[in-house]
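J.: Structure provided below as structure tokens; questions to follow.
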Amino acid sequence: MTAVLEIAGLQKTYRSRKGIRRALDGFDMVVEAGQVHGFLGPNGSGKTTTLRTLLGLIKPNGGRMAVLGRAVPEHLPEVAGLVGAIVESPQFFGNFTAKDTLSLLADAGGVDQRRVYAVLELVGLRDRATDRVKTYSLGMKQRLAVASALLKEPMLLILDEPANGLDPGGIREMRTLMRNLSESGMTVVLSSHILGEVQLICDSVTIIAAGRRVAAGSVADVLAQHRSTSTRVRVEPGIDLPAVAEVLRAAGAPQVTLEGDHLIVAGVDRPAWITWVLSQREVWVSELSPITVDLESVFLELTGTAPVDGEHRQVDQTALATAPGRGGWGQ
Amino acid sequence: MSLYRAETRRLVKRRFARWLLIGGLLVLTAVALGTAFTNRQVGPEQIAEAKATAEANYQENLRYAEQERQRCEQDPSQYGGDCAQLWTPTREDFSYTQFMPSTFDFKEKFRDMITTLAAILGLAAFVVGASYVGAEWTSGGMMNLLLWRPQRLRVLGTKLAAFLVTLGGLAVVLSAVWTGIFVLIANLRGSMSGMTAGAWQSTVLTELRAVVLILVAGALGFGLAALGRHTALALGAAVGVIIVFQFGLVTVLSMAQVPYAEAWLLPIWVMAWMNKEIKLQNYNGCDFSATAGCQPPELTLTWPMAGGLMAVALVLVVGAAMWTMRSRDIT
């Protein structure tokens, strides 16, 4: 497969009176053609900085980037016509209508004006095309932003939080749209915090934390690398759960945790072994289910951003942001 | 060319620009109507009427003087003891020209009308220029545009060019219409006498300087707002200049009896530009000559000096705006 987007060793440093902050610290990313690629990371991890740098809005301090085989930002004007993007929240001049907004962009980019109506239809704004943008809801502005990115029929579509503000129907429409665009040959890079959506529609993901890549690959591979061997065990009502846990521990279960009305048994390769051990003591299992790992749990584990009771995690506080000068305001 | 067309469309579509233009036109209309209603054409009938009024005034004042003289002779101590010192009116004191109705002498008065046009359009150009680029930055429109055309200097330069060409065209058309209106007023309510080919050439050159002044005002507003990426920066800078220079500095310099303190007033330079020169006098100094005695020294500000000042301001502001556009990150 051909790489549509390549980033290697990307660095971006911000200096201020508080010190130096490395927003990107040697970040790498590769997106293959025709994929829907999820770009994930906690707040302040460097996602938007990466996208802005890639699109020429921010100058990097180091590293290499290429879009559609051309080095950027040097050759960005040559490929800009093939890259549609929305970065962060949708921003438009409120007093213009959606039609005017897109028409002006089409003029600026030398795109056929007929595309304006086509993309407005595509994102469901046809009937509100002549309303001023300031009368739009956040979800409608989001749709307009996606329309503006699609206007030039890009080969690479970069969307930063496209589902932000959309209603459930809109989220589903957006998912279908991404899938259709991908099937038509377009490569989509999708930055989102709705990890369930990403897991549903993305072929591959890159996870960033504290300006560095912490995981990358197909969704299936990333999940497989963090496959859990935990099993949920329920027994018939009235049985003393702590005693059951003790039986399992005594039989050799590496980790048994009491969770309310059930047990979590970790480190056991064959769940049938649990049934066998308990049946020896005439304890009958009512539920034995492996705990499946999802993208959200992998994300929280890799980025170290899972909530902890009694603690208030700060924005730059991630698994990787412990070294001085990395992540938060350092030396 | 497509970007230039898009930017011209964007400028023309802006409601603020339209309303400000309409406001400026209303003020100009009020000036023209006021001039038309407060002036009358002068002919033999008006001269005869003025002469009759002057004679009546002379006779009335003669009568008053005679009454005063009689009172003085009765009690000279009330009048300083010398009744021969009392003023006796003469016919020369009551020239009929003082009683002539106001008439619009095109050759004499149209230059002030050009300055009025330049001041009103210049102010509007400054605000529209600032708002045109400032609103683009604050609404996110500039970032959207740069995603389409990742050529920062070309984008800002094209915006400035579209603005100045539109403004220049408008200024030329309005100058022509303004001239036509006052030719009409002069024909109906005044005189076109003395308008030789040379006088017309001088008028056209003054109008040309007015157009340049309007363009410079617009470019400065645009440049300041582009520099601060916000409309408010340009307006704040304008208010700052007015407060610091026009009131503060000149007041302090005047109190310190610094010669030619008025040279720090921007309107003085505008007058020098529009009227080709302006003479400032230092009333605290003395240029002694045997024939005329002590005369205040003079400083002459000429239109090339004013032009040089405008050029320096223009290069500094627009140059700084271009430099920051090229080098600053867009976040």
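J.: Counting other Cβ atoms within 10 Å, which trypsin sites (Lys or Arg not before Pro) in segment A:1-85 have at most 15 and lie in a DSSP loop?
T.: A:17, A:18
J.: Next question. List A:59, A:99, A:152 from most exposed to least, where exposure is judged by having the fewest other Cβ atoms within 10 Å.
T.: A:59, A:99, A:152
J.: I've got another one for you. Calculate the mean, over all residues of peptide B:134-144, of how many other protein chain Cβ atoms lie within 10 angstrom of the residue's Cβ.
T.: Going residue by residue through B:134-144 and averaging, the value is 5.
J.: Relative to the Cα centre, what is the charge dipole magnitude of chain B, using +1 at the beta carbon of each Lys and Arg, -1 at the beta carbon of each Asp and Glu, and rounding to the nearest 20 debye?
T.: Computed charge dipole of chain B: roughly 2680 debye.
J.: Among A:24, A:145, A:135, which residue has its Cα furthest toward the positive end of the charge dipole of segment A:3-225, with +1 on Lys/Arg Cβ and -1 on Asp/Glu Cβ?
T.: Projecting each Cα onto the dipole axis, the largest value belongs to A:24.
J.: Determine, for B:286, A:202, B:83, the number of other Cβ atoms within 10 Å of each Cβ, and report the residues in order from fewest to most.
T.: B:286, B:83, A:202
J.: Can you check what the net charge comes to around residue A:196, using other residues whose Cβ is under 11 Å from the Cβ of residue A:196 (Lys, Arg +1; Asp, Glu -1)?
T.: That sum, taken over residues with Cβ under 11 Å, equals -2.
J.: Just going by the charge dipole of the protein assembly as shown, with Lys and Arg at +1 and Asp and Glu at -1 on Cβ, which of A:182, A:290, A:229 is farthest out on the positive end?
T.: A:182
J.: So in chain A, what percent of DSSP beta bridges are antiparallel if you round to the nearest 5?
T.: Given both bridge residues lie in chain A, the antiparallel proportion sits at roughly 70 percent.
J.: In what sequence do B:260, A:136 fall when counting other Cβ within 10 Å, fewest first?
T.: Ascending Cβ contact count within 10 Å gives the list B:260, A:136.
J.: What pairs from B:13/B:159; A:47/A:99; A:47/B:159; A:47/A:141 go past 19 Å between their alpha carbons?
T.: With Cα atoms farther than 19 Å apart: A:47/A:99; A:47/B:159; A:47/A:141.
J.: Using the Kirkwood radius over C-alpha pairs as Rh, can you work out the diffusion coefficient of the protein assembly as shown via Stokes-Einstein at 37 °C, viscosity 0.692 mPa s, in µm² per second?
T.: Rounded to a whole number, D works out at 102 µm²/s.
J.: Largest first and to the nearest Å, give the Cα extent of segment A:231-290 along each principal axis.
T.: Sorted largest first, the three principal extents are 27, 23, 19 Å.
J.: For a quick check: with amide H placed at 1.01 Å from N, whose amide H comes under 5 Å from residue A:85's, ignoring anything fewer than 5 positions away on the same chain?
T.: Amide H neighbours of residue A:85, under 5 Å, 5+ apart: A:158.
J.: Return the average number of partner chain Cβ atoms within 10 angstrom of each residue Cβ along peptide A:74-80.
T.: For this peptide, the per-residue mean of nearby foreign Cβ atoms is 2.
J.: Using a basic spin-label model with each label point 7 Å from the Cα along Cα→Cβ, how many nm lie between residue B:37 and residue B:265?
T.: Between residue B:37 and residue B:265, the simple spin-label model gives 2.9 nm.
J.: Still on this structure: Once you charge only the Cβ atoms, +1 for Lys and Arg and -1 for Asp and Glu, what is the size of the charge dipole of the protein assembly as shown about its Cα centre, to the nearest 20 debye?
T.: Value, rounded to 20: 1300 debye.
J.: Then there's this: Looking only at other chains, what is the average number of their beta-carbon atoms within 10 angstrom of each beta-carbon in A:94-101?
T.: 3
J.: Could I ask something else about it? Which residues' amide hydrogens lie under 5 Å from the amide hydrogen of residue A:285, considering only partners 5 or more residues apart or on another chain, with H built in the peptide plane?
T.: none
Laboratory data are not the source of any read-out in this text; all were calculated from the coordinates shown. In this text the structure is predicted, and so the values were computed from the model without any measurement. Counting neighbours? That spans all protein chains shown, and the Cβs are built from the backbone with ideal geometry, glycine included.
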